Structure formats: structure tokens, C-alpha cells
Amino acid sequence: MTRNAPLFIAVTKTASPETATLNLQAYQRLQLSLLLGLRRQILIAVCDNSQLRDHLAQQLHDELEKPPRYPHLVSLDLNLENPAFLTQVGQWLKQYPQAQHSKVPCTFQILGIEKLTRQPAIVQRRFLRHLQTIARYLPQLNINLLLWLPRPWFHNVKQSVPEFWRWRTGIFEFEGELMVPPAIQSAIEVLKESLQGIPAKIEDVPESSAIPLSARQGTTSKEGAFPLIKSLKTPRIKEVPAPKLPASEPSETVQPPVERMSLEEIERLEQENYPPETIAAAFIELGNTYRDRVSGGKGDSETLSYAIQAYERGLQWSEDDAPMVANILNDLGNFYWMRSRNGGKLPETLADLEQAVQYYQAAAEKLGSPEAAPGQYAMIQNNLGAAYSDLSRYGESADWLQLSISAYEEALRYRPAAVDPQKYGSTQNNLGTAYWHLAQYQDPLNHLKRAIASYEESLTYYSPETASMQWAMIQNNLGTAYWNLAQYEQPEQCLQRSIECYQASLQYRTPETVPAAHAATQNNLGTTYWHLSELEGMPPEQQQESLERAIAAYQFALSVAEELAHQDPPIPVNFDLAATYNNLGLVRYQLATNDEFSIEIPRKDEYLEAALKNHIQAATLVESPSETYNTTINYMVRAIRLFYQKGDLVGQNRALSLVPGQFLPAILPRL
């Protein structure tokens, strides 16, 4: 790996330390991506200022130049007469044919794309059409591409050439204008001032070969399946089961034999030209300090960022074949994955996920062959599947889910059940969830059956006596998959199986142990009973029984959710309370209006009044104006009209007396 002098990077004349720090981090990520030695990568650097861009491109070229007769990084100015830049690449490769067979692939950075803005539309379209063909040619080339784009062209490429966009492996954004000398001292000072511990916890992270990660609070992961119904005739489950990521693996990282040093002390080693292995070991040991804080529960974005910076700078000074490189690459993928879940802005989240994918891919490649370290390879593939699954939430969902499934299946090839049953079962659960998600986009019958097969396979490796929460979570996921399958075949059998799974889950998901999960599964159970009551040909007595069971389940879910809301601090549930109140009101309305049910009139009146109150509770939880608010008001109007039918104006006035005044302006014109 190339030895690097202390890093300098351009910042703005008036830039805040935060902007300078982001520029530094983006540059380090870009530089390390080029040093990893991966093949057929498409990297995109975003920079609006051409002077800053030229400086950064030249700095990369100077630092990455490799002997003997061709550079590691080749800079090409886009030919505006023929913007098919692969032609330029081909001409260069003819001049230096040994580059095509090099162990270290060349990267071609394409400059001058911003000049297309001043070219005729036909030239611009020719460039975009050329990007569409990249996927066809890249597998045949032993090269990487780095495209420097201004933001307008960055957005144009993303929207106009989705085929090319799917091949990208990294995005690096820079802000500001060039300042001479191009120092980053202000950014470093900001980092040094914040090097002490920052509180937080971690949960549901990808597996780590170097991080014994503990449970985290406040995760954005939704492990359960929590259905929401918004129409009377077609109950729908809106939320989905997300994977329960596996527990961490034992550390196998080779720790460098040095004492832990501060960032300032390590930078002094750089300035005094200490041996590269000493500097690398010091940075990695500093990274281990932050890794320890992460494993202790301090998983906030700042701590993760410091761990990332330390490890990345350590890798810049390490040999390619250093024993710890694959482990650190995997751990860097984990840190970026965790940071993506810390509630940042969407562009930052996507950049972190894409960087996580790149590091997992690099870690797998560094192992050489899966057979050399099958357990570690399976762990990395499992982590890669989780990152792809997260990317599917933000667009191109089916494509990302297919990649996620491939990664999980690859992990299972090298993670036999006989070696580690619970990790095998965990990956099967993750695979089932990926199939469940994919079923929402294509071939639902086939993919739901595969999801069910994976969930049921996973269950055989968990015992409720020894792993009750994992077993109950998989039962919940399995119940949701059967619920979904009921929409396509054997509805009664699938719904009954779904109910069995939810009831099994509730044996261990109790209000005392995991109240939020208990409420979610009760909500699912209520939805399934309601759906069961809607089946054609269902005898009235069974229909009535299913609706009454739905009421009981919804009431359990809402009572637990209300208790959690009054705790200090409040504990949220990950299902829509307004939708559940509406669902409960709709079920009660059915019981109040179906003449085939053996219910006395006074009891029907009680159901009607309770239904109206449920819709009022839902209306207090939704914003006005909104589609949900208008739907809820319509439910209230329908109930009030039935009061009128039963008791004329006296009945209507009684119903209106139950309605808070803020809803009357919306209700009265509709009566």
C-alpha cells in the first residue's frame, strides 16, 4: 500500500470547522477507496468549485502515483467533441498495455464534465448515453473510474441514467473554495477537543470480528411486524418485519503492540517520520479505543466518526497484507452501518450505507478465498446483506433486495448449521425478511413461500427455553408472512397459521418483559382476526367470534401503548396508534350493524357508541388537513348517522354531545 505523508486538504476561506472536517473525512474516504485495490469500481466525487476540484485531483495523483511506468491514478480531461471517455481510456491502455494486467488496477479520474453545461444538448445527451453503456464494458476492463461532477450534473446523472447509477460504489462530496496554504488544522483541533467519551448504546448491529457489541437503545430497526388497517373491506398490514441482526462474534483482531496515544501524539509521529508500521499501529490502537467505547454502548455518531477516522488513517499506513486488514475493513463497514441508523439526513445516510457496502466488499476480497476463512467470510456476507437491505428502504428496492438475498445465501454456504446453529438460524431469519420485503415488489407468491421456508428453518435452531426473545421474534415474523400469503392462496389455513404464530410469540413477548413488542404482536393478532372474519362463507357465529377476538387483541395493544406513553421518558411503539383506534372502531361498527349476529340491541348500542369514541381518539392523533383525518371524520359521520337512524334527532344529538368541539366544523356539513 502506498505510504502517505501527513494529509493536507483544501478548505474554504470562511469555512466552519465542521465543513473543514467533512472535507477532510470525504478526502480520506476517497483516498482509502483508491488504495484498497478493488477492481471495477465507479466512484463519484462531487465538487462545485473547479479550483478546489483541480487541487484535490492533483493531490490524489501526487499521493497515489506508483512506479515503474504508469501511474496508479490517471487523470483524463473529458473530450467535449467525443464525450465517450472510455475511448480515451482505451487509447491510454494501448499506450501502456501492462496496466491491463497489473495486480493493482488503474483508476481513471475524469475531469471537465462541468464544461458540458455550455455544450449543445446533443453533446450532453451523447455523454449520458455513454454512461448507459458503462455496465456493458466495465466487466471486461481491469480498471476503476472516478468521475468529478458538479452538483447539477450529479443530480442529472442520478435521475437520467439509473442504469449507471446502480453501479456506483462510493460518493464523496466536497464543499467550499480553495485556500492557500491548504491546511486542515482547524478541523484537527475540533476533533482533538472532542476526543473524550460520549454516551449512547448499541443494538442490532452487523457481526464483527473485532467488536463485542452490546445491546443498544434507541435503534431505528423495526424488528417486529406491526399491521395497520385503513379500510373496512381490505385490511392491510402496512409495516413489515425487519431482520433481527445476529449477536457479535469473538474478537480475532491482531492488536498492535503499542500503547494507546492521543491523536496529537500520533500526528507528531507522522511529522517526525517514524516508521510507517509504528504510525499504523498507533492509529489502529486509537481506533480500538473508540471501538471499546462503541462496544460499551457509546454508539453515537461522533464516537463512530472518530473510530472511522482512526481506523482509516491506520489503514493508510498499513501494508496490504497486514493480518488485521480484513478485520478492520469489516469493522469499518459496521461503523458506517451503525452511523447510517443514527437518524442523520438522507444524503448522509445513503453515503454511509454505500461506504459500508464498499468496506464489506473489500473485507471479503482481502480474505483471498472463502475457503481460507469460511466463518469470517460468512460473517462479512451476512453484514453485507444487512447493508443492502437497509439501502432498499431508499429506492431501487427490488434491486437492493436481490443483492441482499444473494449475500445472505452466500453466507449460508459457508455458515453450516452444524458449526454454529444460532448464527445459521439468524442468517436464515435475515434471509426470510429479505424475501418478505421482495414479495412486496415482485412475484409475491413465490417470495412469500421462500420467506416462510427461511423463517421455519430458522426456528429449528432456536429454543424458547434458551433464546425466548429470538424465538418469539421469529414467530412474529412468520405470522406476518402467513398473513401476507393469505391474500394469494388458502386464506383460511394461512390466517389460522398466522394466528398460531402470533399466539406462540405472545407466550414470551409479555407486557412485563418486552411491553412494546407485546403491544405490536397484539396489534398484528387483532388485524389477523379481523381479516379472518372477512372471509367469504364464514358462518356468522364464527365471524362474530373473530371480531370479538380482534377487539380483545386491539385493546391489549392500546392499553400497553398508553402505559408506555405515560412513562418518563415515554416509550414509543412502532405501529400507528391512530390506525389501531380506527381499526377498533371499524370492528365495533361491524358488530353494531350486522343483523346476522346474535347480539342484543342494548349491546349493539354499546358497540356503536364505543366505535364513535374510538374514531374520536384516532382523530386527536392525526393532523388536519390530511387524508387520514378526512377518512376518520367520515367514519365519525357514518356512526352519527346510525345514531340518527336509531333515535332520530335525540340519538343524533346524543352522539354529537360525545364529539369534541374542534371536530364539529368538519362533521356538521357532512350530516
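The values are calculated or read from the model by the stated rules, or taken from the named source; none is laboratory data. Fair warning: this is a prediction, and the values are worked out from it, not measured in the lab. All Cβ positions, even for glycine, are placed from backbone atoms using ideal geometry, and neighbour counts span all protein chains on display.
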task: Filter the stretch 643-670 down to the residues that are small (Gly, Ala, Ser) and over 12 Å from Glu609 (Cβ atoms), then identify the one that is farthest from the chain's Cα centre (by Cα).
output: Gly661
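On the given criteria, is Leu367 buried (at least 24 other Cβ atoms within 10 Å of the Cβ) and aliphatic (A, V, I, L, M)? Don't jump to the end; show me each part of the working.
Working: buried (at least 24 other Cβ atoms within 10 Å of the Cβ): no; aliphatic (A, V, I, L, M): yes.
Taking the combined requirement at face value, the residue does not satisfy it.
So in the stretch 561-578, with the set limited to residues that are within 14 Å of Gly526 (Cα to Cα) and not acidic (Asp, Glu), which one is modelled with the lowest pLDDT? Please lay out each step first, then the result.
Kept after step one, since they are within 14 Å of Gly526 (Cα to Cα), are these residues of the stretch 561-578: 575-577.
Subsequent filtering for residues that are not acidic (Asp, Glu) retains 575, 577.
Details: Phe575: 91, Leu577: 94.
Only one residue fits best here, namely Phe575.
Results for (1) among the hydroxyl-bearing types (Ser, Thr, Tyr); (2) within 23 Å of Tyr414 (Cα to Cα); (3) touching a residue at least 24 places away in the same chain (Cβ under 8 Å), shown as yes or no for each residue.
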position: Phe283; (1), (2), (3): no, no, yes
position: Gly287; (1), (2), (3): no, no, yes
position: Gly297; (1), (2), (3): no, no, yes
position: Thr303; (1), (2), (3): yes, no, yes
position: Tyr311; (1), (2), (3): yes, no, yes
position: Val325; (1), (2), (3): no, yes, yes
position: Gly344; (1), (2), (3): no, no, yes
position: Thr349; (1), (2), (3): yes, no, yes
position: Ala372; (1), (2), (3): no, yes, no
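Here is a yes/no grid of residues against (1) surrounded by 22 or more Cβ atoms within 10 Å (Cβ to Cβ); (2) at pLDDT 85 or above; (3) within 30 Å of Val419 (Cα to Cα):
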position: Glu272; (1), (2), (3): no, no, no
position: Val294; (1), (2), (3): yes, yes, yes
position: Ile308; (1), (2), (3): yes, yes, no
position: Ala322; (1), (2), (3): no, no, yes
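Anything in the stretch 598-622 that is in contact with a Pro (Cβ under 9 Å, 6 or more places away or on another chain) and not in a helix (DSSP H, G or I)? List them, or say none.
Residues satisfying the conditions are Ser598, Thr620.
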- prompt: Do we have Leu263 as out of contact with any Ser or Thr (no Cβ under 9 Å at 6 or more places or on another chain), at pLDDT 75 or above, closer than 28 Å to Leu22 by Cβ and not hydroxyl-bearing (Ser, Thr, Tyr) here?
  reply: no
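Regarding Tyr502, is this residue aromatic (Phe, Trp, Tyr) and crowded, with 22+ Cβ neighbours inside 10 Å?
yes
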query: Which of the residues spanning the stretch 69-117 are modelled with pLDDT under 80, touching a helix residue (DSSP H, G or I) at 6+ places or on another chain (Cβ under 9 Å) and over 14 Å from Leu35 (Cα atoms)?
result: Arg69, Tyr70, Ala99, Gln100, Thr117
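Among the listed residues Leu535, Leu547, which satisfies the condition of being modelled with pLDDT of 95 or more and within 39 Å of the chain's Cα centre (by Cα)? Outline the logic, then answer.
Details: Leu535 fails: modelled with pLDDT of 95 or more.
Of the residues listed, the single one that is modelled with pLDDT of 95 or more and within 39 Å of the chain's Cα centre (by Cα) is Leu547.
Inside the stretch 626-639, can you point out the residues that are farther than 17 Å from Ile601 by Cα and in a helix (DSSP H, G or I)? Full working, then the answer.
Applying the first criterion (farther than 17 Å from Ile601 by Cα) to the stretch 626-639 yields 626-638.
Within the stretch 626-639, Glu627, Thr628, Tyr629, Asn630, Thr631, Thr632, Ile633, Asn634, Tyr635, Met636, Val637, Arg638 meet the criteria.
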task: Check Tyr424 against each of (1) within 19 Å of Glu371 (Cα to Cα); (2) exposed (fewer than 15 other Cβ atoms within 10 Å of the Cβ) and name the one condition it does not meet.
output: (2)
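Residues are listed down the side, and each one gets a yes or a no for (1) at pLDDT 95 or above; (2) closer than 20 Å to Phe172 by Cα; (3) more than 20 Å from the chain's Cα centre (by Cα):
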| position | (1), (2), (3) |
| --- | --- |
| Met338 | no, yes, no |
| Gly344 | no, yes, no |
| Pro347 | no, yes, no |
| Gln361 | no, yes, no |
| Gly375 | no, no, yes |
| Tyr394 | no, yes, no |
| Asp399 | no, no, no |
| Pro416 | no, no, yes |
- line: Trp317 meets each of (1) of a type in the set (A, V, I, L, M, F, W, C); (2) crowded, with 24+ Cβ neighbours inside 10 Å; (3) modelled with pLDDT of 90 or more with one exception, condition (3)
statement: Of the candidates Ile134, Ile143, the one satisfying the condition of being modelled with pLDDT of 80 or more, crowded, with 16+ Cβ neighbours inside 10 Å and under 25 Å from Leu73 (Cα atoms) is Ile143
query: Of Glu410, Glu457, Glu465, which residue is assigned to a helix (DSSP H, G or I) and either more than 22 Å from the chain's Cα centre (by Cα) or among the aliphatic types (A, V, I, L, M) (or both)?
result: Glu457
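Have a look at Asp595, Asp648 and point out the one that is without any contact (Cβ under 8 Å) to a residue 12 or more places away in the chain and in a loop (DSSP other than H, G, I, E, B).
Numbers: Asp648 fails: in a loop (DSSP other than H, G, I, E, B).
Only one candidate qualifies: Asp595.
Sort out which residues of the stretch 294-310 are within 23 Å of the chain's Cα centre (by Cα) and assigned to a helix (DSSP H, G or I), and write them in order of number.
So the first thing to find is which residues in the stretch 294-310 are within 23 Å of the chain's Cα centre (by Cα), and the list is 294-309.
Hits for the stretch 294-310 are Val294, Ser295, Ser301, Glu302, Thr303, Leu304, Ser305, Tyr306, Ala307, Ile308, Gln309.
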statement: Scanning the stretch 548-579 residue by residue, those closer than 19 Å to Leu506 by Cα and buried (at least 19 other Cβ atoms within 10 Å of the Cβ) turn out to be Arg549, Ala550, Ile551, Ala553, Tyr554, Phe556, Ala557, Leu558, Val560, Ala561, Val573, Phe575
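Which one of these is among the aromatic types (Phe, Trp, Tyr) and over 28 Å from Phe597 (Cβ atoms): Tyr529, Tyr508, Tyr482, Tyr502? Full working, then the answer.
Working: Tyr529 fails: over 28 Å from Phe597 (Cβ atoms); Tyr482 fails: over 28 Å from Phe597 (Cβ atoms); Tyr502 fails: over 28 Å from Phe597 (Cβ atoms).
On inspection, the qualifying residue turns out to be Tyr508.
Kindly check whether there is at least one residue in the stretch 420-431 that is within 30 Å of Leu532 (Cα to Cα) and small (Gly, Ala, Ser). Even if it seems obvious, please write down each step before you answer.
Pass one, the stretch 420-431, residues within 30 Å of Leu532 (Cα to Cα): 428-431.
This time we only want the ones that are small (Gly, Ala, Ser), so: none.
There is no residue in the stretch 420-431 that is within 30 Å of Leu532 (Cα to Cα) and small (Gly, Ala, Ser).
Among the residues of the stretch 388-405, which ones are small (Gly, Ala, Ser) and exposed (fewer than 15 other Cβ atoms within 10 Å of the Cβ)? Quick ask: steps written out before the conclusion?
Step one: filter the stretch 388-405 for residues small (Gly, Ala, Ser), giving 389, 392, 395, 397-398, 404.
Gly395, Ala398 - these are the residues of the stretch 388-405 that are small (Gly, Ala, Ser) and exposed (fewer than 15 other Cβ atoms within 10 Å of the Cβ).
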query: If you go through the stretch 335-350 one residue at a time, do you hit one that is buried (at least 22 other Cβ atoms within 10 Å of the Cβ), in contact with an Asp or Glu (Cβ under 8 Å, 6 or more places away or on another chain), part of a helix (DSSP H, G or I) and charged (D, E, K, R)?
result: yes
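If I filter the stretch 491-513 for residues that are touching a Lys or Arg at 6+ places or on another chain (Cβ under 6 Å) and either acidic (Asp, Glu) or assigned to a helix (DSSP H, G or I) (or both), do I get at least one hit? Give the derivation first.
Taking the stretch 491-513 first, the residues touching a Lys or Arg at 6+ places or on another chain (Cβ under 6 Å) are none.
No: zero hits.
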